[in-house]
Structure formats: structure tokens, C-alpha cells
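The values are calculated or read from the model by the stated rules, or taken from the named source; none is laboratory data. Quick caveat, the model's predicted, so the values are computed rather than measured. Methodologically, a virtual Cβ is constructed for each residue, glycine included, from the backbone with ideal geometry; neighbour enumeration extends over all protein chains shown.
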């Protein structure tokens, strides 16, 4: 992952060719797939080890003088909190990475158009409803 980030910095800051930017986007897409698989594996492992989590949680609460039902309820709330935060943080990171790949891909297209001599500045592009025709 660090090698891909270093390659991306090199391409964006030094070389800035559309071919290498497209290659970088492919690397980022591969990282998205790996991150998604890693996240899915983490969720599956976390869900499958619920009993171990509950036993560890109950063992840590046994030192206090609390009711067994209160301990079980607190451990369930802690488990659900950890599980949901793992899911939400994973989904958020995947969405941010996809957005980043889309931004780099758009920049690569802009560089390709510039290299091909077909660069149109945003000021020239007409939008529906604009009054540039008159």
C-alpha cells in the first residue's frame, strides 16, 4: 500500500503523464478490492468470535460486584458497538477510496486530453440553459 502511495506521489508530482496516471488508478482499484476483501474478512472473523468476545468481556467485569444480567447486557452493547463501528468505518474508508480513485481517473483524463491537444477549459464548456450562444 505504501509503494502504491509513493508511486502515486511520484506520478502526480513529477511525471504527470496520462499513461502512468491510468496505471496508478488501476493500482488504486486493486487496493480497493484488497481493502474490501480485508474488511469482509474482518467482519466475518469478528462475527464468528462473538462467544470469545463475550467471555473476555464477562471475565473483565467479574472483578466488580455486578449482576450477571447487567454484565451480559453491557457486554452485548459493547459487542454491538464494536461490530457496528467496524462496519461503518470499513464502508466509509471504501467509499473514500473509491472517490479518490474517481478523482485521479478524472485528472488522468484531463491530462490525456491535454497531451492529445484536445484540452477544453471549463470556461468554454457550455451547459444547458447557459446564454453563451447569444
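If the condition is being part of a loop (DSSP other than H, G, I, E, B) and either surrounded by 11 or more Cβ atoms within 10 Å (Cβ to Cβ) or modelled with pLDDT of 90 or more (or both), then the range 63-89 contributes only 66. Among all residues of the range 36-47, there is none that is more than 15 Å from the chain's Cα centre (by Cα), surrounded by 15 or more Cβ atoms within 10 Å (Cβ to Cβ) and part of a loop (DSSP other than H, G, I, E, B). With respect to residue 29, is the statement that it is at pLDDT 85 or above, surrounded by fewer than 12 Cβ atoms within 10 Å (Cβ to Cβ), on the phi < 0 side of the Ramachandran plot and within 23 Å of the chain's Cα centre (by Cα) true? Criteria not met by residue 29. Name the residue that is surrounded by the most Cβ atoms within 10 Å (Cβ to Cβ), counting only residues in the range 1-11 that are without any contact (Cβ under 8 Å) to a residue 12 or more places away in the chain and under 22 Å from residue 93 (Cα atoms). By that ranking, first place goes to 5. Going by what's in this entry, would residue 53 be described as part of a helix (DSSP H, G or I), modelled with pLDDT under 90, farther than 30 Å from residue 107 by Cα and over 18 Å from the mean Cα position of the chain (by Cα)? In short, yes.
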